[in-house]
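Student: To start, I am sharing the structure in question, which I have written as structure tokens.
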Amino acid sequence: GAQSIAITFAVNKSKAVTEMLMYTPDHPGLFAKIAGALSISNVSIVDAKILTLSTGMALDTFTIHGFDGAAITTDTKMNRIKSRVIAALEGRLRLDREFQDAQDRTAVRFRALESPPRVIIDNTASKVFSVIEINGHDRPAFLSEVTKVISDLGLQIGSAHVSTYGERVVDVFYVKDVFGMKVE
């Protein structure tokens with residue numbers, strides 16, 4: 001439960017971001033659930049580093065800011081984010097329903113800008129992981145949808161590097177299949 005999930009925040013004022021450091025039991029779909037909870041908290045993920053430890057725990061760092069581009073600085077907002085992330089991890093937050101509501105509100109504005117994402121899969125860049133790079137137009141819940149698809153395919157994300165350049169997003173995921181092997 002919540003007692004095994006530790007979440008701390010550190011504000012980096014010079015970069016206008018907040019780092020959310022998480023220590024939690026690792027499980028399939030972990031990244032997708034966190035990304036979903038952040039998305040419905042009106043937070044953009046600027047960068048994410050995921051580390052799965054041999055103990056079965058995950059140590060994840062999410063660099064985030066509000067949709068307004070400012071760091072999350074108030075305890076109230078941090079506590080709201082923390083409680084939503086914990087609720088999502090414990091299965092108490094219905095992300096699919098929350099997303100539909102959020103998408104209905106923003107769909108029209110973003111659809112005009114859509115170009116289909118480009119996906120590159122590379123099995124030579126890493127000895128132990130398949131590398132999936134996704135280039136696309138950034139929009140709310142983009143990262144959450146991508147990570148949900150990856151986890152629905154039965155793939156485990158070993159690490160992720162999320163970069164947003166204005167309207168474009170480049171997400172790189174290091175993945176393995178359920179047997180701990182590259183995806184052939």
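The values are calculated or read from the model by the stated rules, or taken from the named source; none is laboratory data. Everything quoted here is computed from the prediction, not taken from an experiment. Here the Cβ is made from the backbone with ideal geometry for all residues, glycine too, and neighbour counts use every protein chain on show. To get the accessible areas, we keep the full protein, side chains included, count just its heavy atoms, and leave off ligands, DNA and RNA. Shrake-Rupley method; radii C 1.70, N 1.55, O 1.52, S 1.80 Å.
Student: Near the amide H of residue 93, under 5 Å away, which other amide H atoms are found, from residues 5 or more places off or on another chain, if H is placed in the peptide plane?
Tutor: 88
Student: Would you calculate, for the chain, the mean residue ellipticity at 222 nm contributed by helices, counting each DSSP H stretch of 4 or more residues as -39,500 (n - 2.57) and dividing by all residues, to the nearest 500?
Tutor: Numbers: 4 runs with 54 residues, N = 184.
Mean residue ellipticity at 222 nm (helix-derived): -9500 deg cm²/dmol.
Student: Probe 1.4 Å, all protein chains in place: accessible area of residue 119 in Å², nearest 10?
Tutor: 90 Å²
Student: Just list whichever of 13/182; 82/176; 77/148; 33/182 have alpha carbons separated by over 32 Å in the model shown. Display every interim value, and only then the final one.
Tutor: On the way: 13/182 39 Å; 82/176 28 Å; 77/148 25 Å; 33/182 23 Å.
Among 13/182; 82/176; 77/148; 33/182, the Cα-Cα distance tops 32 Å for 13/182.
Student: Turning to a different aspect of this structure: So, counting K/R as plus one and D/E as minus one, what does the shell of residues with Cβ under 14 Å around residue 72 add up to? Present the calculation step by step, with values, prior to reporting the outcome.
Tutor: Details: positive: 13, 15, 77, 80, 82, 84; negative: 19, 68, 75.
Charge balance near residue 72 sits at +3.
Student: Let me ask you something else. How much length is gained on full extension from residue 49 to residue 83, taking 0.36 nm per residue of separation minus their Cα-Cα distance?
Tutor: Contour length minus the Cα-Cα distance gives 10.2 nm.
Student: Out of residues 5 or more away from residue 46 or on other chains, whose amide H comes under 5 Å of its own, with H placed 1.01 Å from N in the peptide plane?
Tutor: Amide H to amide H, under 5 Å and 5 or more residues apart or across chains, residue 46 pairs with 63, 64, 65.
Student: Next question. Net charge within 14 Å of residue 153 by Cβ-Cβ distance, Lys/Arg positive one each and Asp/Glu negative one each, not counting residue 153 itself?
Tutor: That works out to -1.
Student: Right, next: Can you give me the pair-distance distribution of segment 1-74, C-alpha pairs, 10 Å bins, whole percents?
Tutor: Final binned percentages: 20, 52, 25, 4.
Student: Would you mind putting 8-14, 77-83 in packing order, based on average other-beta-carbon counts within 10 Å, highest first? Display every interim value, and only then the final one.
Tutor: Working: 8-14: 12.3, 77-83: 17.1.
Taking the mean over residues of other Cβ atoms within 10 Å, the ranking is 77-83, 8-14.
Student: How large is the dipole of the chain about the Cα centre if only Lys and Arg carry +1 and Asp and Glu carry -1, each at its Cβ, rounded to the nearest 20 debye?
Tutor: That gives a dipole near 320 debye.
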